[in-house]
Amino acid sequence: MRVDKYLWSVRYFKSRSLATQACKKGAVRVNGSIIKASREVYPSDKIVVRKNQINYELEILDLPKSRLGAKLVDLFRKDITPKEAFANTELLKYAKDHYRKRGTGRPSKKDRRDIDGFTNPDAEEE
């Protein structure tokens, strides 16, 4: 079975075209190597999918005939994603909310100076 079809059938992507695009971008690895969407996968292959800044790791247990219901997905893959990957996502969420709220407009002159001082601490202050 093609890797894009497998990822679609075990519900990692909503459509095969999204799975194909992820393969083209290099977000999908099979046994450690970046692959094309047409690569065949077999049981016991290990797949790493980078999606939403998380590296999902899974092992293929069996190949489904077609797209599965959500309750049946665990029969065909084993999720071996480490828990630390999800903890990093929580930290990213807090980092985004810390600086500015969405919709508050452009940074003021003071905000810009603070940003410049934070991103380039070696620069001389005026």
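The values are calculated or read from the model by the stated rules, or taken from the named source; none is laboratory data. Note that the coordinates shown come from a computational prediction; the quantities given were computed from them, not determined experimentally. We place every Cβ from the backbone using ideal geometry, glycine too, and count neighbours over all the protein chains shown.
Look at (1) under 20 Å from D74 (Cα atoms); (2) within 17 Å of the chain's Cα centre (by Cα) and you find that I34 fails only one, number (1).
Return a yes/no flag: does region 5-17 have any residue that is under 28 Å from K93 (Cβ atoms), out of contact with any strand residue (DSSP E or B) (no Cβ under 6 Å at 6 or more places or on another chain) and basic (K, R). Within region 5-17, one or more residues are under 28 Å from K93 (Cβ atoms), out of contact with any strand residue (DSSP E or B) (no Cβ under 6 Å at 6 or more places or on another chain) and basic (K, R).
On the basis of being farther than 25 Å from K93 by Cα and in contact with a helix residue (DSSP H, G or I) (Cβ under 8 Å, 6 or more places away or on another chain), does V73 make the cut? Considered against the rule, which asks whether it is farther than 25 Å from K93 by Cα and in contact with a helix residue (DSSP H, G or I) (Cβ under 8 Å, 6 or more places away or on another chain), V73 comes out as no.
Any residue in region 38-50 that's surrounded by 15 or more Cβ atoms within 10 Å (Cβ to Cβ): show its pairings with residues that are among the aromatic types (F, W, Y) at Cβ separation under 6 Å, as long as the two are six or more apart or on different chains. From region 38-50, the pairs are V41/Y6; V49/Y12; V49/Y56. Once region 26-37 is narrowed to residues that are touching a Cys at 6+ places or on another chain (Cβ under 7 Å) and over 17 Å from V10 (Cα atoms), the residue that is surrounded by the most Cβ atoms within 10 Å (Cβ to Cβ) is I35. For region 106-121, the count of residues that are surrounded by fewer than 10 Cβ atoms within 10 Å (Cβ to Cβ) and either modelled with pLDDT under 70 or closer than 22 Å to Y56 by Cα (or both) is at least one. Using the structure shown, decide if D62 is over 20 Å from the mean Cα position of the chain (by Cα) and acidic (D, E). Spelling it out, D62 is indeed over 20 Å from the mean Cα position of the chain (by Cα) and acidic (D, E).
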